[in-house]
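Colleague: Provided herewith is a single structure, encoded as structure tokens, for subsequent inquiry.
The values are calculated or read from the model by the stated rules, or taken from the named source; none is laboratory data. Nothing here was measured: the structure is a model prediction, and the numbers come from that model. Backbone-built Cβ (ideal geometry, glycine too); neighbour counts: all protein chains shown.
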């Protein structure tokens, strides 16, 4: 197998080999076929700014004829012409941006046994090394983009791969998935790097702290050890205090502005809301404490092969507010991907309200750039109002999923943390000749690894789900990309500087909400809690569950933000209302979207 060619093809699958003479356009992969179509079909550059509703341009400007029967010369006809001009113009503008710069970390070519590459659900040998022929069948499918090739992938058990063709779905409203990449999604940290070792140390500590309430971290001895060891690594990318230390209070938090303020769990995962007239609390069904999976090599190997171990999560009969890592993992195991952000929308429309309701004007203030802000004659509804906000959250979620699926399957193919746990076990038990991968001594000699071994009797990374991770590559994350996109939509519609009144924190048993009385209570804003929400959800499906790296989440949030901004810039041109909306990005920079 030509590894370099395979890797290059996944990095830019638009560039396909020329078809044989017997192939016609209908038999080509759609992406390869459409890449052969010239943008010249649209004629000269199409004006992007909405023009006055006048007569259509000459037929030479359009790829289809424009006779009167297509709409006539009245208002309806003029609108149809303008809609066509607008759609073609935005499509050409997006296409001219070209492909994204997307480069893998090179680990696939570095290790002949593919030990640092995603192989889950394919057949593996007794040491967890993927079957070469099965891996080749996966690569062949990814290279060809042909649906028929995906049916020929050699599987190891009953679990199926999660939508490897999802990244090939086209979008007619914004840039194509292949146009995203760096700087939001750089190459993932290499397996042998200090950053990967640090991330795995963080994973092992998180597994040991799953059942400890966040409110008890400051007095917990294990949390203190975790903070000290993680903080000793220069490669750690999480937040530190003003003295440069990682503290128990900053463990497992994100590093975006405002995330170190207030309780660990975002207000948007705790505060009550109304869904129309239906009151909602955010107590949830969670998992029983102390039950972890994939801690013996036999079950770990079954999980890598995609074999059902027969184990199932044990549910706590008591509903609880989210108060620890295991609670977050249960939320993200069962959520609809945009669920947390739809709930945030409902909370925003309930807080500070005199008469609670789905779209109460007493809720959090809208973005000052909203065209109906302060209007005496109009209010938003289908545009800049409740239906627009709710539907945009849901719409952008699937666009984010398809964009990240392209990165996962066609560029990076990073292995899951659980598979690295198997490598750690081999290295620590004198079986280093059974893997090509070598890992940093910071991990291999860590206190986190030693304490996990004392608890489980192996060096495997325990999992909160019986099946371990989902069956798609680790980098970036789906939950994180959806989070980045939906949060950006909420920032577009709402005033991010609004201070959330009466913040709360879950009790240690998760049975009640208590007033949060910290000194920073008056600094907790919509933006800080949205930033926190993204990391809460993605780390719940990552660090706390043992199935994603910190870097997976950080890159995915930025990717989701980029997807949402691309979508919103195009969507802005469709509104009739003139507006200029500014929002704060995850990095603290301000971006403005307008329809002059």
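Colleague: Looking only at residues that are closer than 24 Å to residue 205 by Cα and in contact with a helix residue (DSSP H, G or I) (Cβ under 8 Å, 6 or more places away or on another chain) in the range 328-345, which one is surrounded by the fewest Cβ atoms within 10 Å (Cβ to Cβ)?
Modeller: This residue is 331.
Colleague: Further, regarding this structure: Among the residues of the range 75-125, write down those that are within 26 Å of residue 467 (Cβ to Cβ) and part of a helix (DSSP H, G or I).
Modeller: Once the filter is applied, which keeps residues that are within 26 Å of residue 467 (Cβ to Cβ) and part of a helix (DSSP H, G or I), the range 75-125 yields 107, 108.
Colleague: Right, here's the next one. With respect to residue 377, is the statement that it is surrounded by fewer than 16 Cβ atoms within 10 Å (Cβ to Cβ) and either at pLDDT 95 or above or touching a helix residue (DSSP H, G or I) at 6+ places or on another chain (Cβ under 8 Å) (or both) true? Please lay out each step first, then the result.
Modeller: Numbers: surrounded by fewer than 16 Cβ atoms within 10 Å (Cβ to Cβ): yes; either at pLDDT 95 or above or touching a helix residue (DSSP H, G or I) at 6+ places or on another chain (Cβ under 8 Å) (or both): yes.
The answer is yes for residue 377.
Colleague: Return the residues of the range 162-175 that are in a loop (DSSP other than H, G, I, E, B) and surrounded by 22 or more Cβ atoms within 10 Å (Cβ to Cβ); say none if nothing qualifies.
Modeller: Hits for the range 162-175 are 174, 175.
Colleague: Here's something else I'd like to know. Assess whether residue 273 counts as being touching a helix residue (DSSP H, G or I) at 6+ places or on another chain (Cβ under 6 Å) and farther than 23 Å from residue 349 by Cα. Explain how you work it out, then say what you get.
Modeller: On the way: touching a helix residue (DSSP H, G or I) at 6+ places or on another chain (Cβ under 6 Å): yes; farther than 23 Å from residue 349 by Cα: no.
When the stated conditions are applied, residue 273 does not pass them.
Colleague: A follow-up question, please. State which residue is nearest to the chain's Cα centre (by Cα) when the search covers only the range 134-148 and only residues that are without any contact (Cβ under 8 Å) to a residue 24 or more places away in the chain and over 18 Å from residue 473 (Cβ atoms).
Modeller: Once the filter is applied, the top-ranked residue is 147.
Colleague: Do you know which residues across the range 109-133 are within 16 Å of residue 473 (Cα to Cα) and either surrounded by fewer than 16 Cβ atoms within 10 Å (Cβ to Cβ) or free of Cβ contacts under 8 Å to residues at least 24 places away in the same chain (or both)?
Modeller: Once the filter is applied, which keeps residues that are within 16 Å of residue 473 (Cα to Cα) and either surrounded by fewer than 16 Cβ atoms within 10 Å (Cβ to Cβ) or free of Cβ contacts under 8 Å to residues at least 24 places away in the same chain (or both), the range 109-133 yields 114, 130.
Colleague: Of the residues 370, 349, 324, which is within 26 Å of the chain's Cα centre (by Cα), buried (at least 21 other Cβ atoms within 10 Å of the Cβ) and over 22 Å from residue 514 (Cβ atoms)?
Modeller: On the way: 370 fails: within 26 Å of the chain's Cα centre (by Cα); 324 fails: over 22 Å from residue 514 (Cβ atoms).
The conditions single out 349.
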